[in-house]
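Heads up, the thing below is written out as structure tokens.
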Amino acid sequence: MARSEGLPAGSTVRLSPADDFDEVDLVPVQTFWQLVRRRFLQNRMAVIGLVLMAILIASSIVFPIIGGDAWFKTSLVHGPKDPISLTAPMGYDNLGINIFFRLMKALQTSLIIGTFAVLIIAGIGTAVGSISGYAGGLVDNLMMRFVDIVLSLPGFFLVIMLVAFMGSGNVFVIIFAIGLTGWTTAARLVRAEFLRLREADFVQAAKALGASDRRIIVRHMIPSAMAPVVVASTLGIADSVVTEAALSFLTFGLRPPEASLGNMLTGAQDYFYRQPLWVYYPGILLILVVLAASFLGDGLRDALDPRQRIEA
């Protein structure tokens with residue numbers, strides 16, 4: 001209903017339905033995750049990181065299966081002077097081991113260590129951060145002071161100490177050592193999100209309905225606080241892979257016949273001037289893993305930020 005000019009006071013006319021919707025925004029409403037996907041796909045470096053990481057993961061799964069025991073099987077017939085072939089695209093090392101299949105096995109080992117170490121980091125960090133942020137007060141202060149103490153310690157040397165104490169050369173020990181020393185950043189991120197969320201309407205409504213603290217934390221708050229943890233975990237894969245490579249290079253990590261990018265670099269350093277490609281292969285692959293994880297993490301961080309604009 002609207003007042004019409006030229007009609008007596010108090011007179012009204014009815015507008016047509018078409019007039020009522022002329023100014024209505026007909027753009028379809030998108031969910032949060034649809035917006036996240038659009039923001040992510042508009043980031044070229046993030047897409048490159050995703051594709052590169054997918055290729056690395058697929059290669060680390062497929063080629064070790066195809067090669068079988070070629071990654072550690074020595075041979076008196078083959079050696080560094082053998083020409084490159086379809087079955088050995090990177091040739092053979094001084095022990096007659098197929099370098100390509102050993103490199104793919106090393107990539108698989110490094111990615112496994114990085115992934116499971118990040119799972120431990122995310123698990124401990126989420127547990128500590130959620131309890132600290134939800135409880136507040138004295139509990140929060142005590143837990144955050146403990147986090148500060150852990151942060152004040154030199155992380156890499158703490159990993160070396162744990163590996164040396166529990167026994168080097170074991171994949172599970174390396175995963176545990178990296179995970180046990182790297183959870184502080186995740187804990188701080190989760191705590192910050194919980195401090196923001198605990199006053200939110202849906203949390204107060206859950207409390208009013210009689211939900212227990214455990215249910216509120218697990219069912220309502222943790223899912224809403226996981227976005228920064230996902231980003232930190234993606235970037236943490238790169239840190240974990242580099243840490244494992246450094247441990248193996250310093251002989252605190254995996255040792256032959258086990259394959260990792262770090263011990264391949266260690267084994268190739270004596271042949272750097274005669275066979276420089278033996279150093280380049282694991283080194284370049286390590287760089288690619290770090291770049292893929294970094295691009296992917298940066299892209300997820302921007303995509304999960306609601307303040308980022310979406311180009312039409």
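No lab work stands behind these numbers, since they all come straight from the coordinates. Quick caveat, the model's predicted, so the values are computed rather than measured. Ideal geometry is used to build each Cβ from the backbone, glycine not excepted, and the neighbour counts take in all protein chains shown.
For the reader, a short list of remarks on this structure follows.
- Difference of contour (0.36 nm per residue) and Cα-Cα distance, Y280 to I57: 78.3 nm
- In summary, the lysines within cross-link reach of K105, defined as a Cα separation below 28 angstrom excluding same-chain residues under 8 places away, comprise K73, K81.
- FRET efficiency, L288 to D148 (Cβ-Cβ, R0 41 Å, nearest 0.05): 0.70
- Full extension of the chain segment joining M166 with D213 gains 13.2 nm, where the gain is 0.36 nm per residue of separation less the Cα-Cα distance.
- Taking Lys and Arg as +1 and Asp and Glu as -1, the other residues whose beta-carbon sits under 14 Å from that of R145 total 0.
- R38-I66 FRET efficiency (beta carbon distance; Förster radius 41 Å; 0.05 resolution): 0.65
- Put simply, when 248-259, 99-110, 139-150 are sorted by average Cβ atoms within 10 angstrom per residue, most first, you get 99-110, 248-259, 139-150.
- Extension gain, L250 to S224, is 5.3 nm, computed as 0.36 nm per intervening residue step minus the present C-alpha separation.
- Shown for the chain are the DSSP H helices of 30 Å or more along their axis, judged by Cα atoms, with a mean Kyte-Doolittle hydropathy of at least 0.0: 44-67, 99-135, 222-249, 277-303.
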